[in-house]
Amino acid sequence: MNSIWNKNISLFEKRFPSLFNLLQEAIQGFSKLEGSPKEKDLYPFWKIIPSKTNEVTVEEKGIKLHSAYNPIKESQNLLLKQKDQIESSDAIVFMGMGLGYTFLEAAKNFPEKQFILVEPDPNHFLAALLFLDFEKVFSCPKLILAVSCPPDQLMPLINQNSLEKTLFISVKAHEIHAEKYFSSVHELIERNKAKEKINQATLKKFEKLWRNNCRKNAPLINSLRGVNCLKDRFKDLPFLLLAAGPTLEEILPHLEEIKERCKIICVDTALKACLRQKVEPDFIILTDPQYWAYRHIAGLASPSSTLITEIAAYPAVFRFKCKEILLCDSQVPMAKEYSSIEKGNLGSGGSVASSAFNFCIYSGAKEIYTAGLDFAFPEKQTHIKGSTFEESIHRSSLKNSTAETKSLPLLFNGNVTLAQDYDGKPILTDKKMKMFAWWFESRIAEVPDVKVYSLSAKGIKIPGIEVSSVKNLLNKSKLS
């Protein structure tokens, strides 16, 4: 019998009973063959090689996963080189681990840290338990084993700590068995790092303004209802989410008929287009605290609509003429200084459209149609015609500085890149909008029971969103 395996698997079961049960079938297979002549059948992906110092090491796909001379010393040196980073970090994430030498050394020397092991293949994880004693690892108080965890479910685990305070230990050789998976994870991490940097820079730049908004709006907190009064209120009803991308123009002529069949939620930038069609949306959402967000609804009125906003919004927002104003929880850190009352969390994804999407789910929608959610420049347009953005450009245009000239920096700045639309055709976009699109991709993956459709094929293709048509939407029964 393999005493190391028995000890490790016993500690594993005690520490992570749910994960143990999830891997029960594979564990039984290992327990059946470990210590027998057929034990090597458990790890056909590895070639066992004794090191010069008699510690076991392995080779995979012709690549040594650890030093062929002294794997323990190699791991100690790796951690020593990163000692300052480790000490200043709250968490250490291991991208795969090979046999686990570095993981074990980290657990021995920094047991107070949070450790997250990312390993997509359970067999690689279990095989490591055959060779090294993992007692020090399983005794770490803040240990997370992300074994066989999909990338989109992995990020919430990693994001428990600031990415700036997280050290990622990535050894190429430990990732070769699942290169596509780890490539996806690395991409998600880089996107999250970029988002975190943007959020921190934005907070630093606008903290004074947001604090001032919160202070002025604080008296309204107790008098306004929260969006939580609508939690699951519209269960199973279809929703139409209107954003202000150029393709919104395609569905505007049908908006009055669509309203009879869907609940309509409109982001602030798309409101003017709706009212131009004499259609008042059921809900309008404005969660950006900047003055320019208010400008999108300034001078407008929508008496039958409910406006959803937050306490950090520009104060004039609360003078908007509508049926009711509901508050959602603020995503601005200093807002908590003015109120601890929960109004309903619609999250944050960097754009008001992400809050609108979350509201659809929050209120019970299982079918969401989108229009104008382009995150691109279809036909080299930046916004729907007649939007506040476009009109401001026309108002400020001069003979030597036309509207077309003012739009060019958006289309041809250094961040512009190519993507694909839903028909596989190339389309212009930029890094910021690709990040917004990625948020939708990740969020949709979290709610597999919600069907999401785009009413145009011209926007950036977002996995999880299917193309539908206005005709299909109009074939739906009218709401009672």
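Side notes on the structure shown:
- Residue ID - modelled with the lowest pLDDT, chosen from residues in region 350-377 that are farther than 22 Å from P448 by Cα and open to solvent by less than 10 Å² (accessible area, probe 1.4 Å): A376
- Among the numbered conditions (1) in a helix (DSSP H, G or I); (2) out of contact with any helix residue (DSSP H, G or I) (no Cβ under 6 Å at 6 or more places or on another chain); (3) surrounded by fewer than 15 Cβ atoms within 10 Å (Cβ to Cβ), the only one that G424 does not meet is (1).
- Residue pairs whose Cβ atoms lie under 9 Å apart, sitting 6 or more positions apart in sequence or on different chains, and linking a residue in region 3-28 that is within 16 Å of L143 (Cα to Cα) and open to solvent by 30 Å² or more (accessible area, probe 1.4 Å) to a partner that is acidic (D, E) and at pLDDT 95 or above, are L11/E135.
- Matching residues in region 30-66 - criterion: being part of a helix (DSSP H, G or I), within 19 Å of N8 (Cα to Cα) and out of contact with any strand residue (DSSP E or B) (no Cβ under 9 Å at 6 or more places or on another chain): F30, S31, K32, L33, E39, L42
- Tally of residues being in contact with an Asp or Glu (Cβ under 9 Å, 6 or more places away or on another chain) and open to solvent by 100 Å² or more (accessible area, probe 1.4 Å) across region 467-480: 1
- Test: residue in region 229-241 that is assigned to a helix (DSSP H, G or I) and touching a residue at least 12 places away in the same chain (Cβ under 8 Å): yes
- Any hit, region 231-240, residues being within 22 Å of the chain's Cα centre (by Cα) and open to solvent by less than 60 Å² (accessible area, probe 1.4 Å): yes
- Summed over region 68-91, residues that are open to solvent by less than 20 Å² (accessible area, probe 1.4 Å), over 25 Å from P122 (Cβ atoms) and either out of contact with any strand residue (DSSP E or B) (no Cβ under 7 Å at 6 or more places or on another chain) or part of a helix (DSSP H, G or I) (or both) total 2.
- Filter result for F94 (open to solvent by less than 10 Å² (accessible area, probe 1.4 Å), without any contact (Cβ under 8 Å) to a residue 40 or more places away in the chain and either in a helix (DSSP H, G or I) or not small (G, A, S) (or both)): no
- Taken together, the residues in region 440-466 that are open to solvent by 30 Å² or more (accessible area, probe 1.4 Å) and more than 17 Å from C262 (Cβ to Cβ) amount to 10.
The values are calculated or read from the model by the stated rules, or taken from the named source; none is laboratory data. All values derive from a computational prediction rather than experimental measurement. Counting neighbours? That spans all protein chains shown, and the Cβs are built from the backbone with ideal geometry, glycine included. With ligands, DNA and RNA removed, areas are computed over all heavy atoms of the protein, side chains included. Shrake-Rupley method; radii C 1.70, N 1.55, O 1.52, S 1.80 Å.
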